[in-house]
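What follows is one structure encoded as structure tokens, with my remarks underneath.
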Amino acid sequence: MPLSRRGSGTLTTPGGQHLAIHTRTQDDETLPHATKRTMADHLRRLETLFTLTPQRLRMITHAFRETLDLGLEKKEQVVPMIPTFVFGWPTGQEKGDYLAIDLGGTNLRVCLVHLQGQGKFEVTQSKYRLTEEQKQDEGQKLFDFCAESLKTFIDSNSGEDGILNIEPGQNLPLGFTFSYPCRQDSIDHGVLIRWTKGFGAPNTEGHNVAEMFQKSLDKFELPVTLTALINDTTGTLIASHYVHPDTRIACIFGTGCNAAYMEHVKDVPKIKDLGIDGDLDMAINCEWGAFDSFEHEHLPRTKYDIIIDESSNKPAEQAFEKLISGRYLGEIMRLVICELIDDGILFLGQNTYKVEVPNALDTALVSLMESDPTDELLMIIGIMSHFFALETTLAERQFLRAIARLIGRRAARLSACGIGAIVGKMGYLESGCNVGCDGSLYNKYPGFAGRIQEGLVDIYGEKARNIYTHHAEDGSGVGSAIIAAMTKARKDAGVYVHL
Ligand code: GLC
């Protein structure tokens, strides 16, 4: 094999012997690498690709707002603005025991939530990691797994010493947090519009997932009543308000990216035919991850984003989410790194096959790289050598950290456009509002919250300082339970019992 451009490979000597050539040495500074100047040139190029000017942010926010309005006006829009049948805010006095099952992007969680009123609660939970196979297997099997996990949870927490005390013949209300876009006709119904976050289970899109899940619950004869089907953003909105009553918007920045907010029913023209009192409020699950899908008119997609989109299981869909969420940021960085390896800029002379494997770089590692507090960037040394068997010079590590920063900053600034669109539309700029945020990016990515704020100031000026984001309460568990409680109270009071 001839020597690669990076200087490693095998050579056959005139004497017929094979020689493996490794050009690396143990000494950081003597590792072969591009000059600082070349790296600086590449960094400038990447900065141009990933940086969003204030003017660009304002244009995106404007288009976003129009898209949100269109979704409220007409059915079947790209950003579907889903009416959730969660009517208004919780009182904070909701009480009792509720079960919640949360099928998110990465894990399945089963929770028992004990609501104590006055914004207080206790949660007991079990968590199961979902395998990639489960995400692609038959939909009904996935729901069977949810029901089976619920059965295990109930069985292991019941009995004399258990925390669950279900009387014979009694059913506990269950909230099902199913965080994928579902068209809802009522709170306990939802037709899956499309899978997102890499799921692809067949025979589920276009089906009522509440009915499918009920079938699985029946199979395991569980003592529960499926009261509400909710999205994680709606749960987060309600749970955050239960604790911080000035919350108006909720966002998830995790494996996926989405938002919910409370809208006036009179401003949702597409549900006029339901005859709901226009003065009531209803939570809207925006499903904003789909913004600019299919047409790709507004978002600044780089060649790396296009590769990710085209090699995903859902090309052209979730365009906004693919620039922001945790499922994709690591892969964006990996693609940038691979290009720089091919151009002979990074890791000269080293065997780079480990980092060339698709999805080999987890977003959690990108966030660790950015947060490395040491002068020598020791965390990056550890990550690159442990996961990819690569040695790095200090200049390379600084370069890697700068790339991580560009990708994280772009994600946060784009997120500000979505929040800015809702804030502008609802007139919260003057009154101010709190935005409850959850998800691994918001919670763990260094500086994510500050960069959202910086983006909002770029869009709206100093007034944007009235908009605060805060770490939200557990929407998928606690929020689901509060919504189950609110729904039970609404139906017991005879208010829109069919919805
Ligand atoms: C994806 C889902 C959405 C969910 C979000 C965050 O965008 O489509 O329903 O809220 O991820 O989990």
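The values are calculated or read from the model by the stated rules, or taken from the named source; none is laboratory data. Worth saying up front: this structure is predicted, and the values here are computed from it rather than measured. Here the Cβ positions follow ideal geometry from the backbone for every residue, glycine too, while neighbour counts run over all protein chains shown. All accessible areas refer to the heavy atoms of the entire protein, side chains included, with ligands and DNA or RNA removed. Shrake-Rupley method; radii C 1.70, N 1.55, O 1.52, S 1.80 Å.
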- Message: I'd like the full set of residues that are exposed (fewer than 12 other Cβ atoms within 10 Å of the Cβ) and either in contact (Cβ under 8 Å) with a residue 40 or more places away in the chain or under 20 Å from Ser149 (Cβ atoms) (or both), limited to the range 114-133.
- Response: Arg129, Thr131, Glu132, Glu133
- Query: Going by the conditions given, is Glu391 assigned to a helix (DSSP H, G or I) and more than 16 Å from the ligand (Cβ to nearest atom)?
  - Reply: no
- Requiring at least 3 residues that are more than 16 Å from the ligand (Cβ to nearest atom), farther than 23 Å from Gln118 by Cα and not charged (D, E, K, R), the strands (runs of 3 or more DSSP E) wholly within the range 170-281 are 224-230
- Do we find a residue being of a type outside the set (Phe, Trp, Tyr), assigned by TED's automatic domain parsing to the domain that holds Ile381 and over 19 Å from the mean Cα position of the chain (by Cα) anywhere in the range 407-424? yes
- Could you list all residues from the range 282-308 that are away from the ligand (no atom under 16 Å from the Cβ) and at positive phi? His296
- Quick one: which strands (runs of 3 or more DSSP E) sit completely within the range 8-109 and have at least 2 residues that are within 16 Å of the ligand (Cβ to nearest atom) and either assigned by TED's automatic domain parsing to the domain that holds Glu454 or modelled with pLDDT of 95 or more (or both)? 82-87
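Residue-wise test of (1) among the hydroxyl-bearing types (Ser, Thr, Tyr); (2) buried (at least 22 other Cβ atoms within 10 Å of the Cβ); (3) in contact with an Asp or Glu (Cβ under 9 Å, 6 or more places away or on another chain).
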position	(1), (2), (3)
Gly408	no, yes, yes
Ala412	no, yes, yes
Ser415	yes, yes, no
Tyr428	yes, no, no
Asp438	no, yes, yes
Asn443	no, no, no
Ile452	no, yes, no
Leu456	no, yes, no
His471	no, no, yes
- Residue pairs within 8 Å by beta carbon, gap of at least six or interchain, first lying in the range 160-181 and in contact (Cβ under 8 Å) with a residue 24 or more places away in the chain, second away from the ligand (no atom under 16 Å from the Cβ) and open to solvent by 80 Å² or more (accessible area, probe 1.4 Å), listed first then second, are Pro173/Lys488
- Task: Looking for whichever is of a type in the set (Val, Ile, Thr), without any contact (Cβ under 8 Å) to a residue 40 or more places away in the chain and open to solvent by 10 Å² or more (accessible area, probe 1.4 Å) here; the options are Ile271, Ile307, Ile276. Which one fits?
- Result: Ile307
- Which members of the range 189-219 meet the condition of being aromatic (Phe, Trp, Tyr) and either more than 30 Å from Glu167 (Cβ to Cβ) or open to solvent by 50 Å² or more (accessible area, probe 1.4 Å) (or both)? Trp195, Phe199
- Run Ala283 past the list (1) open to solvent by less than 10 Å² (accessible area, probe 1.4 Å); (2) under 25 Å from Met59 (Cβ atoms); (3) among the hydrophobic types (A, V, I, L, M, F, W, C) and report the number of the one that doesn't hold. (2)
